[in-house]
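Read-outs: derived from the displayed coordinates by stated rules, not from any lab. Everything numeric here is computed off the predicted structure, so don't read it as measured data. Cβ: placed from backbone, ideal geometry, glycine included. Neighbour counts: every protein chain shown.
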Amino acid sequence: MASRLGLPLRRVAAHVAPFAPRAGYRSQAPTTSAAVLLRRFPGRAINTSAPPPKPLNRKGPEPGKNSGKVSDIKHDMVHFRASPNQHPLDIKKVGDHTPEEVAKYGHRGVPHPIWTEEEVHNVAQTHVEPAGTADRVALAAVKAARWGFDTFSLYRFGKVTKNKVLNRAIFLETVAGVPGMTAGMLRHLKSLRSMDHDHGWIHTLLEEAENERMHLLTFIQLKKPDLYFRTCVLVAQGIFMNAFFVAYLISPHFCHRFVGYLEEEAVHTYESILDHIDHGELTEFGKEPAPTIAIDYWRLAPDANMRDLFLAVRADEANHRDVNHTFASLPPDAEVSHFFDHQGKPIRSNPSS
């Protein structure tokens, strides 16, 4: 395939081989060597006069000392053309450091809100009153799910500890990333079948799913789940994914209202954690440095701590709450892109509140 593209195999292999994951992150970079490529494609033309690739700068920022600039971001939430990593086929990269570049190329492949100091401290706990049977069923389902999880995980019994908080956050984020991806996939397939635009729903839903996944990848830097925990996640994800898939086929309104109420509970959860950090048993936990991946992703200050991280996550969940309540109040073919800016922040009042 490489020779069909007019690319010398030896040069391709030389670019591919140096890829190695940064410490602490997973990488899907290929490790094919030049020798393997030459064995696979015998007799193909080799351009030995091609200039050697420039060596990669492997020195990364110290943990907890990132500047938060795009150039420091190494994990997989960055589009390959905006990533600082060298592309194996020497595809030219684009940056988004300046307003001119942003205007020309747009933002990263999966944008997400970067909250200001004022925004993270002004998150309010809101509630949308049920307007019909579907809304009441959605609210009852969320309340039942919360009571069941709090009971069987023992979260509601005894002192709130760092271990309890991390177990809760990790497990719930594995579930929270399902609705956006499932709904986005179904709307994507519908757009293909109808050969029509989706009016902004797909991108918003996929951005939500990616944002929840990044919450998970952040929290697992602090605690590695054991086999029992992973088995529980597997079972819960299998049940919830299939149930949500069928429910979305039947009633997207119900599903978005359900997620809206689910995110109301998430905001309440992180509000409670912040309260325990400020006035309760988690004061020392709140002072611990935030993981590097969080500093990169939310563009936090280099010396950001766990309290700063929970403030950003709470703002994310409040955003998902408002987005899904908005979607539940709209017809399925409504234009939604004008409700949100390029980062996914709502730019007008939630019509359902």
#### Entry: Summed residue charge, Cβ within 15 Å of Gln237's Cβ, Lys/Arg positive, Asp/Glu negative
0
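Kindly flag which residue pairs out of Lys164/Lys190; Lys159/Lys224; Lys224/Lys287; Lys190/Lys224 have an alpha-carbon separation exceeding 32 Å in this structure. Numbers along the way, then the final one.
Working: Lys164/Lys190 41 Å; Lys159/Lys224 22 Å; Lys224/Lys287 20 Å; Lys190/Lys224 38 Å.
The answer is Lys164/Lys190; Lys190/Lys224.
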### Summary
Under 5 Å from the placed amide H of Asn305, counting only residues 5+ away or on other chains, we find Ala290
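Give the peptides 300-307, 221-228 in descending order of average Cβ contacts within 10 Å, highest first.
Details: 300-307: 17.5, 221-228: 12.1.
Order by mean packing, descending: 300-307, 221-228.
Quick one: dipole size for region 117-329, taken about the Cα centre, charges +1 on Lys/Arg Cβ and -1 on Asp/Glu Cβ, in debye to the nearest 20. Please list the in-between numbers first.
Details: 21 positive and 29 negative charges, 192 e Å.
The dipole of region 117-329 has a size of about 920 debye.
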### Summary
PRE zone check, label point 7 Å out along Cα-to-Cβ of Cys232, amide N under 15 Å, scope region 161-179, hits 161-176
### Query
Each residue of region 206-217 in turn: what ³J(HN,Hα) in whole Hz from Karplus with 6.51, -1.76, 1.60 and θ = phi - 60°, glycine and Pro shown as x?
5, 5, 5, 4, 5, 4, 5, 5, 5, 4, 4, 5
#### Entry: Residues listed by number, region 272-299, amide nitrogen under 20 Å from Thr116 label point at 7 Å toward C-beta
298-299
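Which order do the peptides 143-149, 188-194, 198-204 come out in when sorted by mean C-beta neighbours inside 10 angstrom, highest first?
Working: 143-149: 13.6, 188-194: 11.9, 198-204: 19.3.
Result, highest mean Cβ count within 10 Å first: 198-204, 143-149, 188-194.
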### Message
Relative contact order of region 117-329, please, whole-number percent, based on alpha carbon pairs below 8 angstrom and at least 6 residues apart.
### Response
28 percent
### Task
Mind checking which of Trp298, Ile239, Leu186 is farthest towards the positive end of region 117-329's charge dipole, using Cβ charges of +1 (Lys, Arg) and -1 (Asp, Glu) about the Cα centre?
Ile239
